[in-house]
Amino acid sequence: MSRRLLLHLGINKTGSTALQIAFVRNRDVLREHGVHYPMSSSDARALSGEVVSGNGNALLPYLGQGGRANDEQALAALATLLRELDATEDPTVLYSSELLFRFSPDRITALAQLLEERGVTLQVAVYLRDIAGHALSVYAQGVKKNRVTSDLEGYLGRDGEPARYAPPLRSRLQHLRDVLGVENVRVLHYDTERAHLVPGFFSTVLRLDPAVPLDLGAGFVNRSLTVHELELMRHANRNLRQKSAAWALSDALMARPAPPDGRRLQLTQQDLDHLHHQFDDEVRWINETFFPDERLTVEGGAGVIADSRVEAESTAMERHLMDALVDLAGSKARTRPGTPTGGGALKPAVPPSDAATTPRNDQDRALWRRATGRLSRAVQVLVRGYY
């Protein structure tokens, strides 16, 4: 019986969370059809439809590039992977994380060789998105979650500075093709598959019969922020000290329904021309290698403003209120359950059901709930004020 280790590598902003939630919710169905999706510490959140990063994060100490893992941690991650493979007779073992797309070329090569010696084929599945839409989505996500303060023009590198939007598409895919063989690199077009993303992956990549019933319950909806909301977040990011505080603030903002008259971020023709200059060759190579119908494009269906972009200007009062929200978001981040209250890196929030029930954690969770309430009420006041 042939066996394979299948790595779903993202990329980012191509529905990875929706797929990972579906993998957890349909784990028993997958096992019945010969697919083993190893457990992860984020499974409880996936079952609740929350944002998760997939079980593939367990492989990052070994496969990740530029991480903080030492050799001992890398070898421990590899050993865990090999134990998972040895513990199951299922033909397919599946790991998923968009962070794996930034793999170490040497490590992915070594893993492929090691698995081949054990009679296991390494395969990967990657979603690509039309460049313009991907650039807009990645930029907005950076403002929401990663404390990006630059405008879109600067993020794309149109201001003479190095572009922050520079996904290593061809270099990564070419290495995977050369090491694994094109037949073991499944590249899918997100814009084509988006409407039926989960059932499409289950049938075409995991080889399940399309008639197999799946749990496709609604999960987290990561709505887009309006141009005005993005401008306010950019202002807040200039003063936020921790990424977790940016998450707290943007999550509270996204919990509000999108305003009906809110304008969405769009490209100018100059932006699109710049993206063509940067990515035309990469897109051409990807289509020649993986998409004979040339379905991947630079412009896709992205909306384009013919002339200059109209920026949203915030008022002094709005900026004052955002500064107050920054203080609240920082307070919320510092009181996350199970995280340090002083210096040091903050860990992701732990759901109450997963946290230890010591008095200290109970106190942390009470502080977390109070800070969350204050932040949500403050966001409501701000949103009502400028919409």
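Scanning the stretch 1-36 for residues that are within 19 Å of the chain's Cα centre (by Cα), among the hydroxyl-bearing types (S, T, Y) and outside any helix (DSSP H, G or I) yields a single hit, T14. Looking at the stretch 240-256, is at least one residue over 22 Å from the mean Cα position of the chain (by Cα) and surrounded by 15 or more Cβ atoms within 10 Å (Cβ to Cβ)? No: zero hits. Candidates A110, A132, A77: the one that is under 30 Å from D271 (Cα atoms) and modelled with pLDDT of 95 or more is A132. Looking only at the stretch 20-74, which residues are crowded, with 22+ Cβ neighbours inside 10 Å, modelled with pLDDT of 95 or more and of a type in the set (G, A, S)? Once the filter is applied, which keeps residues that are crowded, with 22+ Cβ neighbours inside 10 Å, modelled with pLDDT of 95 or more and of a type in the set (G, A, S), the stretch 20-74 yields A22, S40, G54, G56. Regarding A79, is this residue part of a helix (DSSP H, G or I), more than 22 Å from the chain's Cα centre (by Cα), without any contact (Cβ under 8 Å) to a residue 40 or more places away in the chain and crowded, with 19+ Cβ neighbours inside 10 Å? Answer is no for this residue.
Are any residues in the stretch 82-104 over 21 Å from the mean Cα position of the chain (by Cα) and in a helix (DSSP H, G or I), and if so, which ones? Within the stretch 82-104, L82, R83, E84, L85, D86, A87 qualify. K145 satisfies every condition listed in (1) over 23 Å from T268 (Cβ atoms); (2) modelled with pLDDT of 95 or more except (2). Only a single criterion out of (1) touching a residue at least 40 places away in the same chain (Cβ under 8 Å); (2) farther than 25 Å from D130 by Cα is not satisfied by A211, namely (1).
The values are calculated or read from the model by the stated rules, or taken from the named source; none is laboratory data. Quick caveat: nothing in here was measured; it's all calculated off a predicted structure. Positions of Cβ are backbone-derived with ideal geometry, glycine not excepted, and every protein chain shown enters the neighbour counts.
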